[in-house]
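What follows is calculated from the coordinates using simple rules that are stated; it is not laboratory data. These numbers come from a predicted model, not from an experiment. All Cβ positions, even for glycine, are placed from backbone atoms using ideal geometry, and neighbour counts span all protein chains on display.
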């Protein structure tokens, strides 16, 4: 909101240049000279710089790689923010952070003991869009922000990326790089990693060691309240009187949603599930094999014209659909235990 600063033009603390650059994110927004601002933000490279334009009389937003006058700055990797003596030539990358989309330069470590490029980005809390030759990356903060936004506010990935682009430039948004394709890919992997971490799969074999009765390799969140043998019920629960055994019973209900539909796609083979039956849905190939063994439901011929019209309407409604609805099984505490797609109307 502050469009001017009375400290602009005064001598910088280094005494070698005037104050011309301030930060949007730092508290107090103390102006610095070009070199001092970059040095002060060596470990906070995501902050936008506001550079004073003396000819036009207002601040202009810059990325950290374009702040230095007459030369460029590249974010150094591999040495915890310090410059690498054998760094590679600066590479222009698209870094997506919580405050927008940055077109910035990155210098990878070139030492003999260096790790791969994707690992250098990962060590800097940046998730690369590819492991071979990364050209774009997403900060862990922006992925966490999207994960909470989509769970709580049902924000789509498309709207979330558009918001980030508008945070970069709310006027000429079309000039901001659009990383939606890379974001869709990274977001799916991030969701998988969050589920793996939450379920404890990376720690000493996961939760199957502590709870051997649960499905193997599952990463779903199971109800902590429902009675479960070996988890939260006494070992002698079978010896309880019949009048008290209801205390250790589980109650489930089925609920369906006929609006969760999906039309068949021609090029759908490359869209592979990363969970592969380890959460709520069954593994796709096993599910299709089961459907092939289920006999077709025989329908009696309708003798009423009204019923014939209803049957015709249902066939037209679900035409060209691969999924005609979803049914879930959940306990009385609101935790979903399993789900299944409907493929023939409400069957």
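Looking at the square roots a ≥ b ≥ c of the eigenvalues of the Cα gyration tensor of the range 74-199, which shape do they give, rounded for a/c under 1.5, prolate if a/b is larger than b/c, or oblate? Since a/c reaches 1.5 but b/c is at least a/b, the shape of the range 74-199 is classed as oblate. Packing-based ranking of 326-338, 129-141 yields 129-141, 326-338, ordered from highest to lowest mean Cβ neighbour count within 10 Å. Between residue 247 and residue 289, the simple spin-label model (points 7 angstrom out along Cα→Cβ) gives 4.4 nm. Across the range 74-199, C-alpha contacts under 8 Å between residues 6 or more apart give a mean separation that, scaled by the residue count, equals a relative contact order of 22 percent. Packing around the peptides 41-49, 145-153, taken as the average count of other Cβ atoms within 10 Å per residue, puts them in this order, highest first: 41-49, 145-153. How far is helix 180-199 tilted, in degrees, relative to the longest principal axis of the Cα atoms in the chain, given as a value from 0 to 90 rounded to the nearest 10? Rounded to the nearest ten degrees, it is 60. Modelled this way, with points 7 Å down the Cα-to-C-beta line, the labels at residue 273 and residue 91 are 3.5 nm from one another. Calculate, for residue 209 and residue 2, the FRET efficiency according to 1/(1 + (r/R0)^6) with r their C-beta to C-beta distance and R0 45 Å; round to the nearest 0.05. Computed FRET efficiency for residue 209 and residue 2 comes out at 0.20.
When the square roots of the Cα gyration tensor eigenvalues are ordered a ≥ b ≥ c, the ratio a/c for the range 1-71 is under 1.5, which makes its shape rounded.
For an R0 of 30 angstrom, estimate the FRET efficiency from the Cβ-Cβ distance between residue 166 and residue 66 and round to the nearest 0.05.
On the way: r = 20 Å, r/R0 = 0.67.
Once the sixth-power term is evaluated, E becomes 0.90.
At 222 nm, what value in deg cm²/dmol follows for the chain if DSSP H runs of at least 4 each add -39500 (n - 2.57) and the sum is divided by all its residues, to the nearest 500?
My calculation for the chain gives -7500 deg cm²/dmol from helical runs alone.
Treating the angle as unsigned and between 0 and 90°, give the value, to the nearest 10°, between the Cα long axis of helix 140-152 and the longest Cα principal axis of the chain. So the helix axis and the longest Cα principal axis differ by about 40 degrees. Placing a pseudo-label 7 Å from each Cα along the Cα-to-Cβ vector at residue 29 and residue 228 gives an inter-label distance of 5.1 nm.
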